[in-house]
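The values are calculated or read from the model by the stated rules, or taken from the named source; none is laboratory data. Quantities reported herein were computed from a predicted structural model and do not represent experimental measurements. Cβ sites come from the backbone with ideal geometry, for glycine too, and all protein chains shown count toward neighbours.
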Amino acid sequence: MEKTLYQTGNPPQKRLKIAILARNFIKTGGMERYCVEVTRRLALRHDVHVFAQEWRWDGDEKITFHRIPKFLTKPSFLNLLLFSYFTHKNIDNSFDIIHSHERVTHFDALTVHCPCFRTCITDEQSLLKRIFIWLAIALSPRKIAYLWLENRQFAYNNKRMLIAVSDMIKRNVRVNYPLPDEYFGLAFPGVDHNLKNGERGAESRETERKRLGIKKDDLVILFVGTEFRRKGLDALLRGFAMIIKKNIKLIIAGGGEKKRRYKRLVKELGIADHVIFLGLVEDMENIYAISDIFILPTLSEPAGMAPIEAMAAGIPTIISSSRYAGSAERIKDGEAIILENPDQPDNIANALSRLFNEDLRKELGAKGRGLARYLTWEQTTKDTLDVYYRILELKKSNMPLCSSVLLSCL
């Protein structure tokens with residue numbers, strides 16, 4: 001019997017022809033990884049075409065790639081405008097769904113991965129400062145371009161829907177743009193359940209540690225992030241310096257901005273011998289496998305995948321509260337240590353000190369793994385397909401979204 005992978009609230013639908021828009025179809029970076037994981041699962045049942053400037057793909061799923069011209073890399077806003085123009089020009093009417101993961105003007109479904117650009121205006125309470133922000137925008141081609149694209153993205157269209165990667169992102173969009181609740185679907189990131197930690201062979205774990213200059217009995221703390229300042233690395237380094245011990249290491253995985261600044265800070269704090277900068281890592285499984293604690297004291301993270309991946313690997317996790325981190329929205333029963341003030345080094349130091357207790361690490365590791373078991377990419381794909389089918393119904397009925405939802409409830 002043929003296996004049905006993705007059931008939706010509607011009866012089984014026809015095989016869809018889907019256009020996926022993503023400038024970089026690769027696995028490094030949160031948005032990019034999300035796009036790849038959902039797309040490959042869509043391709044199991046549907047005719048999937050990816051429109052991208054660059055891609056790296058060696059999967060078994062059948063995906064058709066279309067190259068979008070990349071005349072320049074910088075300035076990035078101009079590259080984005082050109083990507084939006086050429087995808088609109090190259091995608092014909094044969095597609096059932098056009099699904100974008102980028103800021104473009106032409107789409108049916110848009111996955112929103114990050115807060116609105118307009119937030120810098122709406123968050124400012126001072127009228128005078130708002131005026132200065134508007135003046136700064138008026139003098140910046142980059143800011144004008146991003147704001148123009150965003151206004152086009154979030155202009156109400158009764159044949160479109162938005163897919164938010166967390167409630168945090170949904171709230172942010174609705175604060176900035178007057179869109180109805182029914183205009184949104186939610187599709188949280190999933191997790192790869194093949195990740196291993198303590199279950200990995202001791203010999204293999206020791207070999208990987210030795211490669212990185214880490215001793216067998218060292219306590220390893222892992223931080224993963226590509227934007228160091230936003231992900232809270234400043235406070236983490238200062239908090240880490242407060243609880244430094246001889247047999248403790250902090251691994252920093254990610255290509256954060258101003259890396260030299262953070263290496264200088266590490267030296268100033270006197271912790272250079274205890275901190276390892278890995279840069280970008282494509283295969284994180286080996287790094288999770290040698291880690292004892294995961295921490296992400298982020299100041300703004302819509303729906304980071306690394307904390308959930310760490311939990312799936314059985315690593316006790318410290319994460320900012322849901323005020324700062326969308327991933328924390330799914331932590332309800334003490335599966336991780338929550339940081340209410342991630343910008344405070346002493347708060348971070350206290351959380352790390354708690355996990356020096358091996359019994360607590362084991363307890364949180366087991367709880368986290370139990371939670372992550374239910375957070376799958378299959379569910380993310382199902383939630384995405386649900387939005388597709390709602391859009392197709394809207395197109396077929398020629399009825400505004402709010403009216404359609406109201407009638408379905410009668």
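Brief remarks on what is shown
- Residue pairs whose Cβ atoms lie under 6 Å apart, separated by 6 or more positions or on different chains, with the first residue in the stretch 15-35 and closer than 20 Å to GLY254 by Cβ and the second of a type in the set (S, T, N, Q) and part of a loop (DSSP other than H, G, I, E, B), are ARG23/GLN53.
- For the stretch 93-116, the criterion of being surrounded by fewer than 19 Cβ atoms within 10 Å (Cβ to Cβ), within 24 Å of VAL50 (Cβ to Cβ), under 26 Å from the mean Cα position of the chain (by Cα) and modelled with pLDDT under 90 is satisfied by at least one residue.
- Test: residue in the stretch 313-325 that is at pLDDT below 90, part of a helix (DSSP H, G or I), assigned by TED's automatic domain parsing to the domain that holds LYS215 and of a type outside the set (Lys, Arg): no
- Selection of the stretch 291-312 for residues being modelled with pLDDT of 90 or more, surrounded by 22 or more Cβ atoms within 10 Å (Cβ to Cβ) and part of a loop (DSSP other than H, G, I, E, B) yields SER291, PRO297, THR298.
- The set of residues from the stretch 319-341 being under 19 Å from LEU236 (Cα atoms) and either touching a Lys or Arg at 6+ places or on another chain (Cβ under 9 Å) or among the hydroxyl-bearing types (Ser, Thr, Tyr) (or both) comprises SER320, SER321, SER322, TYR324, SER327, ALA336, ILE337, GLU340.
- Just so you know, in the stretch 196-231 the residues that are modelled with pLDDT under 80 and polar (S, T, N, Q) include one that is surrounded by the fewest Cβ atoms within 10 Å (Cβ to Cβ), and it is SER204.
- Filter result for HIS49 (at pLDDT 95 or above and farther than 25 Å from ALA155 by Cα): yes
- Set VAL275, VAL281: member being touching a helix residue (DSSP H, G or I) at 6+ places or on another chain (Cβ under 7 Å), closer than 18 Å to THR226 by Cα and surrounded by fewer than 18 Cβ atoms within 10 Å (Cβ to Cβ): VAL281
- The condition (being basic (Lys, Arg) and in contact with a strand residue (DSSP E or B) (Cβ under 9 Å, 6 or more places away or on another chain)) is satisfied by just one residue among ARG103, ARG130, ARG118: ARG103.
- Of residues in the stretch 148-179 being buried (at least 21 other Cβ atoms within 10 Å of the Cβ) and of a type in the set (Val, Ile, Thr), the one nearest to ARG118 (Cα to Cα): VAL173
- Pairs with Cβ under 6 Å, 6+ apart, first in the stretch 220-240 and part of a loop (DSSP other than H, G, I, E, B), second crowded, with 24+ Cβ neighbours inside 10 Å: GLY225/LYS231; LYS231/THR298; GLY232/PRO297; GLY232/THR298; GLY232/PRO342
- Some residue of the stretch 72-82 being of a type outside the set (S, T, N, Q), modelled with pLDDT under 95 and closer than 26 Å to PHE188 by Cα: yes
- The set of residues in the stretch 135-150 being out of contact with any Phe, Trp or Tyr (no Cβ under 8 Å at 6 or more places or on another chain) and in a helix (DSSP H, G or I) consists of LEU135, ALA136, ILE137, ALA138, ILE144, TRP148, LEU149.
- For the stretch 173-188, a residue qualifies if it is free of Cβ contacts under 8 Å to residues at least 60 places away in the same chain and either of a type outside the set (D, E, K, R) or in contact with an Asp or Glu (Cβ under 9 Å, 6 or more places away or on another chain) (or both), and the qualifying residues are ARG174, VAL175, PRO178, LEU179, PHE184.
- Screening CYS35 on (1) within 20 Å of THR380 (Cβ to Cβ); (2) exposed (fewer than 15 other Cβ atoms within 10 Å of the Cβ) shows it passes everything except condition (2).
- Residue within the stretch 183-193 that is of a type in the set (Ser, Thr, Tyr), more than 17 Å from the chain's Cα centre (by Cα), closer than 30 Å to ARG373 by Cα and buried (at least 19 other Cβ atoms within 10 Å of the Cβ) present: yes
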